[in-house]
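Enquirer: Here's a structure for you.
The values are calculated or read from the model by the stated rules, or taken from the named source; none is laboratory data. From a predicted model like this one, the values you see are computed outputs, not experimental measurements. Neighbour counts run over all protein chains shown; Cβ positions are idealised from the backbone, glycine included. The accessibility values were calculated without ligands, DNA or RNA, using every heavy atom of the protein model including side chains. Shrake-Rupley method; radii C 1.70, N 1.55, O 1.52, S 1.80 Å.
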Amino acid sequence: MIDKPNILLVDDESAITDNLAPFLERSGITVTVAANGEQALKVIEENTPDLIVTDILMPVMDGRELLRRLRQKENWIPIIMLTQVGEPSERVMALEEGADDYLNKPFDPHELVARIRAVIRRSQPGRPTLAASWRLTSQSLALDRRARRVYRDAREIYLTPKALLLLEYLMTHPDELVTRERLLDVVWGWDYPIGTRAVDTRIAELRRSLEDDASDPTYIETVSGMGYRFISEVKVIA
Amino acid sequence: MMWRRRLIIAGPSLAGLAANLLIGLTQLDNRIIYLRSDVGTFVLFWGVFFSLIVWGVFKLQKLADRMSLKILFEAREDRRRFLRRLDHELKNPLTAILAGLANLSISEHQPTNGRHLSKERRNTIKSVEQQVQRLSTLVGDLRKLADLEIRHMEFSSVNLTEVIEEAYSVAKTLNGAENRNWSYSIPRAPWPLPVIWGDRDLLFLAFHNLLDNAVKFTRPGDMIELRAFEDNQMVFIEVADSGLGIPDQEIPHIWEELYRGEAARSIPGSGLGLSLVAAIIKRHNGQVSISTRNRQGTKFTIKMPIKEGGRK
């Protein structure tokens, strides 16, 4: 665990970096700022940060290209992407191409701090993060993210696309309290007040498929009134 | 392409016209021809003739429909583009303002040169923060609506009875629901409601919004009824109440985003509930309609096609 994490904030909008950087500094995070992907790559060459927070739409080199170039070079610096509400393609792209998390603009800055800390806590320097890996396993469960398949004891189990998205998010964020609102956003791209019920229904469906007992869970634990937590250790299948 | 077809169609008429002019001008042998026909052929001829005329009228009507549909479609497309741009232009300033405010309020907890911000200033920051949040929610909500109209849907079989029952039981826990007079009728005999093809979460949201409205726009003691039934092709879901009703002049606007009627001004809400219902039902190839009388009550009717083979 790093005491004072060192992050790189990439956004072309100086109004955002000017206001966000001092806030993050005051929250105990060291911040370097870059205005686009190309500048970010230069900064990374000189001094590797613990994490990158990047916007998507930027001139010269956008966030998506930045993410791709880093992952191609097998650079596994954790990345949080700043996406747009109701733009499911951005969210799906971010998660599929190996970003560690995403946050919809406009966001609560305190939420960003919480996410930065959670992602850094999970990451192990120099090794691919769970989010940047295609195949994950946890006890008798295996998830092939590229093929969108789930196996239990080497036997395939069939999940609806939404249940699979939930499982994927939970498995790439293990040991983290994931709120129902967050899960709703993962599945839908946006949340709505009554929608958290839909998340509960999906989780129940997922538990049935995984044969996970809600009162004595192996995988998904209910955090009463808050959300869910994936409690089993997740490893990368090489 | 279009012109060639028109020429082919108009060809015989033009040839006739030309011959007529020629004969008229030259006074050449313009005698009257008598055609003889039996009654059967005569009737058949007129029958075919009228069929052709009716066919032509339909064809024209379809063309006109297509044009007006296109205009409607373009208007919707414009609005969607506008919402996208609005959201896009607002998200960065809003993010910056939220960050700035967070920065201000955190600096107050870490006093530099030994002085705290006054309570009054702290309250000001809090209040501005809340208003920015409100603005962010509003922009986000509009964006969701636009997204709902175009997003890719993953439909599956939906057990309507289950969704309706769930929406009903949730509605009865709403604020004020305890002193409404509820009634519920869903067929079980001779068979239950059919399975329909759709998105369960969205249908639940649509039913919920209608029931939520019913609770909001009724007074203690008023009735709220939820009914569902079917005919051969369609399933109907009705949410009726003996509440405030909607004045005539407001009815055309109730489906519009952010529209809030006179009665709704004192009641909390986003002004998006019914727009969401309309968008959701439309994506399910259904229709939603309203009949209402001011001060007497309102009935919303959702009509949705039954999935092929949905009746088991």
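Listed here are the residues, each with its yes/no results for (1) farther than 30 Å from residue B:152 by Cα; (2) within 13 Å of chain B (Cβ to nearest Cβ).
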{"position": "A:4", "(1), (2)": "yes, no"}
{"position": "A:9", "(1), (2)": "yes, yes"}
{"position": "A:17", "(1), (2)": "yes, yes"}
{"position": "A:32", "(1), (2)": "yes, no"}
{"position": "A:57", "(1), (2)": "no, yes"}
{"position": "A:66", "(1), (2)": "no, no"}
{"position": "A:81", "(1), (2)": "no, no"}
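Enquirer: Can you tell me which residues in segment A:83-102 are touching a residue at least 60 places away in the same chain (Cβ under 8 Å), within 14 Å of chain B (Cβ to nearest Cβ), open to solvent by less than 20 Å² (accessible area, probe 1.4 Å) and in contact with a helix residue (DSSP H, G or I) (Cβ under 6 Å, 6 or more places away or on another chain)?
Expert: Scanning segment A:83-102 gives a single hit, A:86.
Enquirer: Would it be correct to say that residue B:118 is more than 8 Å from every other protein chain (Cβ to nearest Cβ), more than 14 Å from residue A:106 (Cβ to Cβ) and either of a type in the set (Phe, Trp, Tyr) or open to solvent by less than 90 Å² (accessible area, probe 1.4 Å) (or both)? Break it down into steps so the answer makes sense when it comes.
Expert: Values: more than 8 Å from every other protein chain (Cβ to nearest Cβ): yes; more than 14 Å from residue A:106 (Cβ to Cβ): yes; either of a type in the set (Phe, Trp, Tyr) or open to solvent by less than 90 Å² (accessible area, probe 1.4 Å) (or both): yes.
Taking the combined requirement at face value, the residue satisfies it.
Enquirer: While we're looking at this one, here's another question. Determine which single condition residue A:123 fails, assuming it passes every other condition in (1) farther than 29 Å from residue B:152 by Cα; (2) open to solvent by less than 10 Å² (accessible area, probe 1.4 Å); (3) more than 14 Å from chain B (Cβ to nearest Cβ).
Expert: If we test residue A:123 against (1) farther than 29 Å from residue B:152 by Cα; (2) open to solvent by less than 10 Å² (accessible area, probe 1.4 Å); (3) more than 14 Å from chain B (Cβ to nearest Cβ), just (2) comes out false.
Enquirer: Quick check on my filter: what residues within segment B:121-152 are at the interface with another protein chain (Cβ under 9 Å from one of its Cβ atoms), open to solvent by 60 Å² or more (accessible area, probe 1.4 Å) and basic (Lys, Arg)?
Expert: none
Enquirer: Name the single residue, out of those in segment A:200-238 being of a type in the set (Asp, Glu) and in a helix (DSSP H, G or I), that is nearest to the chain's Cα centre (by Cα). Outline the logic, then answer.
Expert: Taking segment A:200-238 as the starting set, the residues that turn out to be of a type in the set (Asp, Glu) are A:200, A:205, A:211-213, A:216, A:221, A:233.
Subsequent filtering for residues that are in a helix (DSSP H, G or I) retains A:200, A:205.
Values: A:200: 20, A:205: 23 Å.
Going through the qualifying residues, I end up with A:200.
Enquirer: Can you tell which of B:42, B:73 is of a type in the set (Phe, Trp, Tyr), closer than 30 Å to residue B:6 by Cβ, without any contact (Cβ under 8 Å) to a residue 12 or more places away in the chain and surrounded by 10 or more Cβ atoms within 10 Å (Cβ to Cβ)?
Expert: So the residue among B:42, B:73 that is of a type in the set (Phe, Trp, Tyr), closer than 30 Å to residue B:6 by Cβ, without any contact (Cβ under 8 Å) to a residue 12 or more places away in the chain and surrounded by 10 or more Cβ atoms within 10 Å (Cβ to Cβ) is B:73.
Enquirer: Evaluate segment A:186-199: report whether one residue or more is closer than 22 Å to residue A:120 by Cα and assigned to a helix (DSSP H, G or I). So that I can check it myself, show each step before the final result.
Expert: Looking only at segment A:186-199, we keep the residues that are closer than 22 Å to residue A:120 by Cα, and these are A:186.
Now drop any that are not assigned to a helix (DSSP H, G or I), which leaves A:186.
Scanning segment A:186-199 turns up at least one residue that is closer than 22 Å to residue A:120 by Cα and assigned to a helix (DSSP H, G or I).
Enquirer: Residue A:38 is checked against (1) open to solvent by 30 Å² or more (accessible area, probe 1.4 Å); (2) assigned to a loop (DSSP other than H, G, I, E, B); (3) farther than 26 Å from residue A:133 by Cβ and fails just one. What number does that condition carry?
Expert: For residue A:38, the failing item is (2).
Enquirer: Shifting gears a bit: For residue A:183, indicate whether it is more than 14 Å from chain B (Cβ to nearest Cβ), buried (at least 20 other Cβ atoms within 10 Å of the Cβ) and in a helix (DSSP H, G or I). Quick ask: steps written out before the conclusion?
Expert: On the way: more than 14 Å from chain B (Cβ to nearest Cβ): no; buried (at least 20 other Cβ atoms within 10 Å of the Cβ): yes; in a helix (DSSP H, G or I): yes.
It is false that residue A:183 is more than 14 Å from chain B (Cβ to nearest Cβ), buried (at least 20 other Cβ atoms within 10 Å of the Cβ) and in a helix (DSSP H, G or I).
Enquirer: Is there a residue in segment B:7-21 that is of a type in the set (A, V, I, L, M, F, W, C), more than 60 Å from the chain's Cα centre (by Cα) and at pLDDT below 80? Please lay out each step first, then the result.
Expert: Our first condition is that a residue be of a type in the set (A, V, I, L, M, F, W, C); within segment B:7-21, this holds for B:7-10, B:14-15, B:17-19, B:21.
Narrowing the set further to residues that are more than 60 Å from the chain's Cα centre (by Cα) leaves none.
Checking segment B:7-21: not a single residue is of a type in the set (A, V, I, L, M, F, W, C), more than 60 Å from the chain's Cα centre (by Cα) and at pLDDT below 80.
Enquirer: Among (1) among the charged types (D, E, K, R); (2) more than 14 Å from chain B (Cβ to nearest Cβ); (3) surrounded by fewer than 20 Cβ atoms within 10 Å (Cβ to Cβ), which single condition is residue A:148 missing?
Expert: Residue A:148 satisfies every listed condition except (2).
Enquirer: Ok, one more. Looking at segment B:153-188, which of its residues are over 23 Å from the mean Cα position of the chain (by Cα), of a type outside the set (D, E, K, R), open to solvent by 30 Å² or more (accessible area, probe 1.4 Å) and under 17 Å from residue B:237 (Cα atoms)?
Expert: B:169, B:182, B:183, B:184, B:185, B:187
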